[in-house]
Amino acid sequence: MHENIVIVGSGHAGVNLAANLRKKNWIGSISLISDEKYLPYHRPPLSKICLQTQPFTNPPLLKPDVFYKDNDIDLIQCSRVISIDKAKKTVSFNDQTLSYDKLILATGSNPVTPSINGLDSTKYFHLRTLKESEKISKSIDQSKQFLIIGGGFIGLELAASLRKQNAQASIFETESRTLNRITHPIVSEYIQKLHKDKGVHIQCNTIVESISQESDKILLHTNNGKIFHGDELIIGTGSRPNIDLALNAGLDIDNGIKVNQFNQTSDPHIYAIGDCCNRYNKKYNADLRLESIQNALDQAKSLSSYLCEGIITEPSIPTFWSDQYDAKLNIAGISSNADTYIARKQSSEELTIWYLKNDKVIAIDAINSPSDFIIGKKIIQSEKEIPKEYISDIHFDLKLLL
Ligand code: FAD
């Protein structure tokens with residue numbers, strides 16, 4: 001409890017770990033090092049509310065600015081940690097070194113750049129940081145056509161925000177549907193219709209093979225021989241974990257920084273939490289690297305319990321949400337190993353997909369259905385066998401299953 005903790009990264013995982021440690025009376029020093037210049041902020045609004053009006057709306061802070069001083073947390077901003085010396089137990093940044101007893105890597109993830117002929121790094125946007133969201137905001141104009149490569153959450157949320165400001169948006173997706181890896185085809189269909197009704201063009205089964213420029217227009221050349229013209233280009237083709245520090249320090253890596261059941265890396269003095277790490281999940285019998293707020297908060301909480309009290313906790317059910325126009329999609333659990341699914345369509349706006357394995361619910365996707373989502377999450381947790389006919393019967397009160 002008297003040991004010095006250094007946390008690299010001040011996203012949801014890093015900041016909440018520091019806060020939880022103080023709540024649990026950690027006495028040693030806590031340094032929180034961030035390569036961003038802003039006070040730590042909420043990331044999800046960057047693709048949503050921040051971009052829906054002019055001028056740009058700042059995302060809320062994770063903690064008020066006085067919080068760090070009040071809790072004796074040394075927040076070191078604008079400082080990128082460039083190396084770890086495991087033998088000396090130090091990290092280096094800005095020509096200085098800082099010693100640690102325990103080092104926590106909470107370095108998050110960063111957007112992937114696909115290799116496309118003609119892609120000029122000065123002529124497209126990525127979206128991960130407040131700075132990048134501000135840049136996109138400045139470029140928004142009603143007369144502009146935005147070309148978005150990638151039909152995942154970021155691409156779809158951006159398209160919805162751009163349409164709120166009356167800019168045009170087209171999405172180019174390699175797979176046969178948007179959100180292909182994450183949700184059921186019925187959910188993808190619902191989301192795609194929502195965007196179509198709002199005037200977004202979604203081109204699936206489309207690979208952007210090359211990009212060129214003609215006066216001030218950007219031209220996307222696709223595998224089906226078509227050319228699409230636009231004014232701005234956004235790349236939203238997924239993220240990869242920030243592992244460079246860990247890799248250079250010789251820590252075990254496997255789709256992220258490999259950690260054990262209490263988020264410890266292959267070095268006993270170094271831990272990793274949030275988007276950057278990959279941890280075994282007993283319930284799903286799989287190594288999971290999750291990119292969600294819930295996961296960052298859950299791991300921050302469980303690591304603080306371990307460090308302060310020696311308690312090892314099992315991860316909570318993974319959850320994720322997305323807001324597009326007036327629709328809210330909530331996801332609980334991991335559906336990839338399901339053997340059956342059941343659709344429960346309460347109305348044209350409300351829909352849930354229940355994923356089962358061996359007659360037990362393992363995941364749920366809920367569109368505009370917060371109560372089914374909460375019930376579904378509890379059912380997943382309980383591991384009860386549920387008669388399928390109850391789920392599909394929209395007149396059956398699901399609360400009776402709890
Ligand atoms: P991050 O928030 O990425 O924080 C890591 C921090 O570490 C960053 O500030 C990074 O700059 C810093 N860093 C990295 N390397 C170094 C270094 N060497 N030295 C110093 N600092 C370093 N999740 C949801 O559940 N729901 C949503 O609706 C949702 N919407 C999203 C919308 C957008 C636009 C984005 C980008 C993400 C969204 N997410 C959403 C995902 C969610 O934001 C992440 O899962 C979450 O932020 C992960 O927290 P983290 O602390 O692990 O990483």
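The values are calculated or read from the model by the stated rules, or taken from the named source; none is laboratory data. Small disclaimer: the values here were computed from a predicted structure and weren't measured. Heads up, the Cβs are rebuilt from the backbone with ideal geometry, glycines too, and the neighbour counts pull from every protein chain shown. Side chains included, ligands, DNA and RNA excluded: accessible areas come from the protein's heavy atoms. Shrake-Rupley method; radii C 1.70, N 1.55, O 1.52, S 1.80 Å.
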Here, the stretch 82-231 modelled as identical Cα point scatterers in vacuum has Debye log10 I(q)/I(0) at q = 0.12, 0.17, 0.18 Å⁻¹ of -0.62, -0.98, -1.07
Within the stretch 227-266, the residues whose backbone N lies under 14 Å from a label point placed 7 Å from the Cα of Ile312 along the Cα-to-Cβ direction are 259-265
Rounded to one decimal in Å, the inverse mean reciprocal Cα-Cα distance for the stretch 147-211, i.e. its Kirkwood radius, is 11.7
Residue separation between Val112 and Arg128 times 0.36 nm, minus their alpha-carbon distance, gives in nm 4.7 nm
Fraction of alpha-carbon pairs in the stretch 1-118 farther than 17 Å apart, rounded to whole percent, equals 61
Unit-weight point scatterers at every alpha-carbon of the stretch 288-402, Debye formula, q = 0.12, 0.14, 0.16, 0.23 1/Å: log10 I(q)/I(0) is -0.47, -0.61, -0.77, -1.29
Taking the stretch 61-116, the whole-percent share of alpha-carbon pairs separated by over 18 angstrom is 53
Taking protein heavy atoms only, a 1.4 Å probe, and rounding to whole percent, the accessible area of the stretch 328-402 owed to carbon and sulfur comes out at 49
The answer for the per residue Cα convex hull volume of the stretch 216-365, in Å³, is 206
Sorted by accessible surface (1.4 Å probe, heavy atoms of the protein chains only), largest first, Lys24, Lys135 come out as Lys135, Lys24
With a Förster distance of 41 angstrom and the Cβ-Cβ distance between Val66 and Asn180, calculated FRET efficiency to the nearest 0.05 equals 0.40
In the stretch 108-260 the accessible area split gives carbon plus sulfur, as whole percent at 1.4 Å, a share of 45
Between the modelled labels at Asp120 and Asn281 (7 Å from Cα along Cα→Cβ) the distance in nm is 4.2
Counting only residues 5 or more apart in sequence or on a different chain, those whose built amide H sits under 5 Å from that of Ile234 are Phe125, Leu147, Ile148, Ile149
Restricting to aspartates and glutamates and to Cα separations under 15 Å from Lys37, and discarding same-chain partners fewer than 8 apart, the set is Asp65, Asp74, Glu132, Glu134
Measure of exposure for Ser99: accessible area at 1.4 Å probe, Å² rounded to 10, is 70
Subtracting the Cα-Cα distance of Asp85 and Gln213 from 0.36 nm times their residue separation yields 41.5 nm
Expressed to one decimal in nm², the mean projection of the alpha carbon convex hull of the chain is 21.1
Length gained if Gln165 through Lys345 is fully extended, taking 0.36 nm per residue and subtracting the Cα-Cα distance, is 61.7 nm
A convex hull over the alpha carbons of the stretch 146-289 yields, per residue, a volume in Å³ of 155
Expressed per residue, the solvent accessible area of the chain in Å² (1.4 Å probe) is about 47
Summing -39500 (n - 2.57) over every DSSP H run of at least 4 in the chain, dividing by its residue total and rounding to the nearest 500, the 222 nm mean residue ellipticity is -7000 deg cm²/dmol
Computed over the stretch 295-366, the relative contact order (Cα-Cα under 8 Å, seq sep at least six) in percent reads 22
